[in-house]
Amino acid sequence: MPYRIMVPLDGSAFAETALPVAYDLARRHGAGVHLVRVHQPSLPEVRSGGTSVHDPAFDLELEREGRRYLDVLLGRIEAHERARSATAHLRGPVLQSLTEYLGDHGIDLVVMTTHARGGLSRVWLGSVADGLVRQATVPILLLRPGRQSPSPSGTAPVFGRVLLPVDGGPAEERMVEHAIGVAGVSDVEYTLLRGVSEGALSVGPALPRRGADAGSRTQRATVQTILDLSAERLRSRGMRVKSQVVVNDHPAEGILRCAAEHDATLIAMATRSRGGLERLLLGSVADRVLRQAGIPLLLWNPGHLPMPAEAPALLQGMPAPATA
């Protein structure tokens, strides 16, 4: 469960739309919220003739303005919010500064706003979100607000329908716990999604079409059975859980389509995995979901968790090695 939540801010009302969600989570878990802004010193301007111009006074004023912004924002929040708050104004490269802050202060969750116009916009928030998802090993909750920018006292969205793409790998259980920490259990419906490719369902010696179809149905039923066992374990904890197996050679497409079919309000997934959803490496599947989903995402980079060598290839959703 998150006990220290970081909200990166750039001084815009758009970035502040992450605050209601962050403080809702903070109240629920007794967590503290870290409001963080980074000042990246301006680079010297090189003019014609090769002369370099730098205005330290202007740079210092920008830094002071950033600190004033955090002070005013904290005052607004403390006027109505009982959850603990802390502010930090950092100096240096933005992504490096935020990543170091995560580790130095034991941050458990990042909540931030990012653009949803066809995916991440390559502006401050978009590039920072992209970089944090790639480098941080704590969950990142990316919100997709509408055009309106509510104040920090605005209403936080309710994640009532959560889509959880899973693969049976070592990151699965922790990803489920991260999702529960954000969405909760009461009045929340979870859908466990396991994807397999057509190739994984057609592994083996050449068979007549009827035999191949029967084998594919049997393999898919096996995957569904294993997924149902995972769902049942969660139901024993009082959770409402569905399970679904999709056959699709384009895993991101399967995830996005399933999210639309279930009217999901949150997609929670690991960004690095092996198996069921076709190597969820950022830059491929998770990257496409990140850029095309129009709903909030909870993304987690599990780093270098060991992969169980004994897991059957079929159950990992990958073609089995050829046998002699």
Scanning the range 1-44 for residues that are open to solvent by less than 10 Å² (accessible area, probe 1.4 Å), within 28 Å of ASP59 (Cβ to Cβ) and in a strand (DSSP E or B) gives MET6, VAL7, PRO8, LEU9, LEU35, VAL36
Examine the range 248-259 for a residue that is at pLDDT below 80 and either open to solvent by less than 40 Å² (accessible area, probe 1.4 Å) or of a type outside the set (A, V, I, L, M, F, W, C) (or both), and state whether such a residue exists.
yes
Single residue of LEU277, LEU290, LEU281, LEU305 found to be surrounded by 18 or more Cβ atoms within 10 Å (Cβ to Cβ), part of a loop (DSSP other than H, G, I, E, B) and modelled with pLDDT under 90
LEU277
Looking only at the range 220-232, decide whether some residue is within 30 Å of ARG291 (Cβ to Cβ), at pLDDT below 90, of a type in the set (D, E, K, R) and touching a helix residue (DSSP H, G or I) at 6+ places or on another chain (Cβ under 7 Å).
yes
Could you grab the pairs with beta carbons closer than 9 Å, sequence gap of 6+ or different chains, first residue in the range 49-78 and part of a helix (DSSP H, G or I), second one modelled with pLDDT of 90 or more and of a type in the set (Phe, Trp, Tyr)?
ILE77/TYR23
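Looking for whichever is within 30 Å of GLU177 (Cα to Cα), at pLDDT 75 or above and under 29 Å from the mean Cα position of the chain (by Cα) here; the options are GLY30, GLY92. Which one fits? Steps first, answer last, please.
Numbers: GLY92 fails: within 30 Å of GLU177 (Cα to Cα).
Residue meeting the stated conditions: GLY30.
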Could you check how many residues of the range 171-185 are more than 11 Å from ALA270 (Cα to Cα) and in contact with a Leu (Cβ under 7 Å, 6 or more places away or on another chain)?
2
Being modelled with pLDDT under 75, over 19 Å from VAL21 (Cβ atoms) and of a type in the set (Val, Ile, Thr): is that true of VAL196 here?
no
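Would you please name the residue that is surrounded by the most Cβ atoms within 10 Å (Cβ to Cβ), looking only at residues in the range 178-197 that are assigned to a loop (DSSP other than H, G, I, E, B) and without any contact (Cβ under 8 Å) to a residue 60 or more places away in the chain? Show your work before the answer.
Quick first cut of the range 178-197, residues assigned to a loop (DSSP other than H, G, I, E, B) only: 184-188, 197.
Filter again for without any contact (Cβ under 8 Å) to a residue 60 or more places away in the chain, leaving 185-188.
On the way: VAL185: 12, SER186: 8, ASP187: 9, VAL188: 20.
Top of the filtered list is VAL188.
The values are calculated or read from the model by the stated rules, or taken from the named source; none is laboratory data. Only a predicted model underlies this, so the values are computations on that prediction, with no experimental measurement involved. For neighbour counting, all protein chains shown are included, and Cβ atoms are generated from backbone atoms with ideal geometry for every residue, glycine included. Keep in mind that these areas ignore ligands, DNA and RNA; they rest on the heavy atoms of the full protein, side chains included. Shrake-Rupley method; radii C 1.70, N 1.55, O 1.52, S 1.80 Å.
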